[in-house]
Structure formats: C-alpha cells, structure tokens
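The values are calculated or read from the model by the stated rules, or taken from the named source; none is laboratory data. Every value quoted in this text rests on a predicted model; they were computed, and no experiment measured them. Every residue, glycine among them, receives a Cβ derived from its backbone with ideal geometry; neighbour counts consider all protein chains shown.
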C-alpha cells in the first residue's frame, strides 16, 4: 500500500526507486519522484496476505474446482516489488488439489522489482526462480504444478488490460492519485468494469478515498468495506453485479446510507475526470445506485468543490 514517508539513509537505488527501511525493521520500495512507499507501515507480505489473499478467500476459491477445470484468473494490477504476486503463489502452493491459477501482473516500470531482486536478502519473500523468469521472459511456469502460471503484461494498464484474459479477482495496488491519477478516474474504472465482461469479479484495493469509491460506484461496481491496513482505517472491496450472487458477497460489510451521507457532505466527492458541468449527472448516478436503493436518501447539500 503506497504512502508518504521519509528518506532512507544510504539509499540503494535503481531508476526512480530506492530501498526504504522502516523503523519496524522491514524493507520496502520507495518511489523517489513521488515519495510514495510500497507497504510503508506494514511488512510487504503481511499486507499482501491480509488485504489481498485472505480478504479474497483465495484458498477457499482454489479448493473449489470448476466443472471444466477453468483456471482462476487474478489480475495483479501494480506488480511493484512483487509481494502480492508472491502471496498468491504461496497460497496456491499451500492448497492441496488446487484449481489451476493464472496470475497476470501489470506493471509499467520494472525497476522496483529489479531492485528488490537485486537486494533479495532484504526482500526474502521473493522467489528468485519465478522473479528472474518474469523479468527475463515475462512468464513463469511452476515446475512442480502445471496448474500454476504467472505472466507479466508490461506497459500502461489501461492499454494492456485489453490483451488479458478476463479476471475473477483483481488486486488493485497502484500508486495513489498523487502519482498515478489517471488510474483512479471514472474513465479508468468504467474501462475496467467492461473488461470484467459480465463475470463475477471482486476487486480489492487499499484505498478508502471518497472520490475513488464514488468512481467505482459510478462505473457500475458495488462496494464493501475492507480490512484496515497500516494507517488506513479501512480499505475497499468492489464487486461486479454478478459477484453479488456468490457466497462470498454475503460475508461483506456493504457501504450504506452512512457512507452516502459522508459522500454527500464531502469536499472531494468527484473523480478528477468529472468536469464541473458533469457533476450533477454524476451525483444522480451515485444517489440512484442500486446499492443505496433501500437506504434513505441523504439531504442534498450545496457542492463545496
């Protein structure tokens, strides 16, 4: 989970990244240009397991074999230093008789992963064989289990997603709007919603930003509260309409009228790509969203933005 933090002493760098050593004792990667740190307050694998693997019930999903042996497809959006990918692979290898897993990682700058691999003693979760293969060939196939594969799609996610198999789960762990604003817009999430192709898809992300949640809702997703992480009180889980019928959806804590009231009062309620003359229509989309139809409508307040 990216966040702001201080410089590390005697930094080890590669391109726009350096190794950051948290006072808690673990290492993570800091983007020099933005100051954002991947997993700033929680060790990378701890956060990856907690927010992405455990919240998605990945082990439980992998134990359920589909009728046609179709693989479970995970989109790892924002490969970074590889923690989320390693946590997914670790989970697969612990599940006996697992459903095939196809892991697709999206990344536009591989220097963060190269740096972590170069400093592997500081990032002991990295599988050297798998990471080396991904960096060299863009693909890794488990030599132990033919059902486990990992593929890299380098470049701008909004373009490369069009070449990927439709997902079942999305781990959305991009840098924040501070440095990757175009990946948190209404347009980006609408494109992502279309890429889900009507499937039962769940998206997990560290953000609880009001504007980001509103963008996801307006794109067509339904939202639930996710676990806290580091300095975040809560995170976000997004579902396509088809995913609402799954047993996993019944375990979620859904956003309700309390969130709608908060959004209505917010001074930052609109995604960056919603123009002033589009805001009324955007507000109507949020207020009329199916998720809130059984919630009392909030009192309309003048916009403060």
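Here are some notes:
- Note on the range 84-107: residues that are at pLDDT 95 or above, surrounded by fewer than 19 Cβ atoms within 10 Å (Cβ to Cβ) and touching a helix residue (DSSP H, G or I) at 6+ places or on another chain (Cβ under 6 Å) amount to 0.
- Residues that are under 14 Å from the mean Cα position of the chain (by Cα) and farther than 20 Å from residue 83 by Cα, drawn from the range 194-220: 201, 208, 209, 212, 213, 216
- Condition check for residue 161: under 30 Å from residue 222 (Cα atoms) and in a loop (DSSP other than H, G, I, E, B): no
- Of residues in the range 284-305 being part of a loop (DSSP other than H, G, I, E, B) and modelled with pLDDT of 95 or more, the one surrounded by the most Cβ atoms within 10 Å (Cβ to Cβ): 289
- From 199, 213, residue being surrounded by fewer than 17 Cβ atoms within 10 Å (Cβ to Cβ) and either under 18 Å from residue 267 (Cα atoms) or touching a residue at least 24 places away in the same chain (Cβ under 8 Å) (or both): 199
- For the range 13-32, the set of residues classified as surrounded by fewer than 17 Cβ atoms within 10 Å (Cβ to Cβ) and modelled with pLDDT of 95 or more consists of 13, 15, 16, 32, listed by residue number.
- Among the candidates 186, 169, 216, residue that is modelled with pLDDT of 95 or more and under 22 Å from residue 101 (Cβ atoms): 169
Residues checked against (1) touching a helix residue (DSSP H, G or I) at 6+ places or on another chain (Cβ under 6 Å); (2) in a helix (DSSP H, G or I); (3) more than 29 Å from residue 247 (Cβ to Cβ):
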site: 179; (1), (2), (3): no, yes, yes
site: 192; (1), (2), (3): no, yes, no
site: 197; (1), (2), (3): no, no, no
site: 207; (1), (2), (3): no, no, no
site: 212; (1), (2), (3): yes, yes, no
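- Which numbered condition residue 134 misses (of (1) surrounded by fewer than 23 Cβ atoms within 10 Å (Cβ to Cβ); (2) at pLDDT 95 or above): (1)
- Look at (1) assigned to a helix (DSSP H, G or I); (2) surrounded by fewer than 21 Cβ atoms within 10 Å (Cβ to Cβ) and you find that residue 188 fails only one, number (2).
- Note on the range 113-158: residues that are within 30 Å of residue 187 (Cα to Cα) and in a strand (DSSP E or B) amount to 6.
- The range 113-127: number of residues that are buried (at least 24 other Cβ atoms within 10 Å of the Cβ) and touching a residue at least 60 places away in the same chain (Cβ under 8 Å): 2
- Filtered residue count, the range 247-262, keeping only those that are out of contact with any helix residue (DSSP H, G or I) (no Cβ under 9 Å at 6 or more places or on another chain) and either part of a strand (DSSP E or B) or surrounded by 15 or more Cβ atoms within 10 Å (Cβ to Cβ) (or both): 3
- Matching residues in the range 216-237 - criterion: being without any contact (Cβ under 8 Å) to a residue 40 or more places away in the chain and either assigned to a strand (DSSP E or B) or touching a strand residue (DSSP E or B) at 6+ places or on another chain (Cβ under 9 Å) (or both): 216, 219, 221, 224, 225, 228, 234, 236
- Of the residues making up the range 263-283, those that are loosely packed, with under 11 Cβ neighbours inside 10 Å and part of a helix (DSSP H, G or I) number 4.
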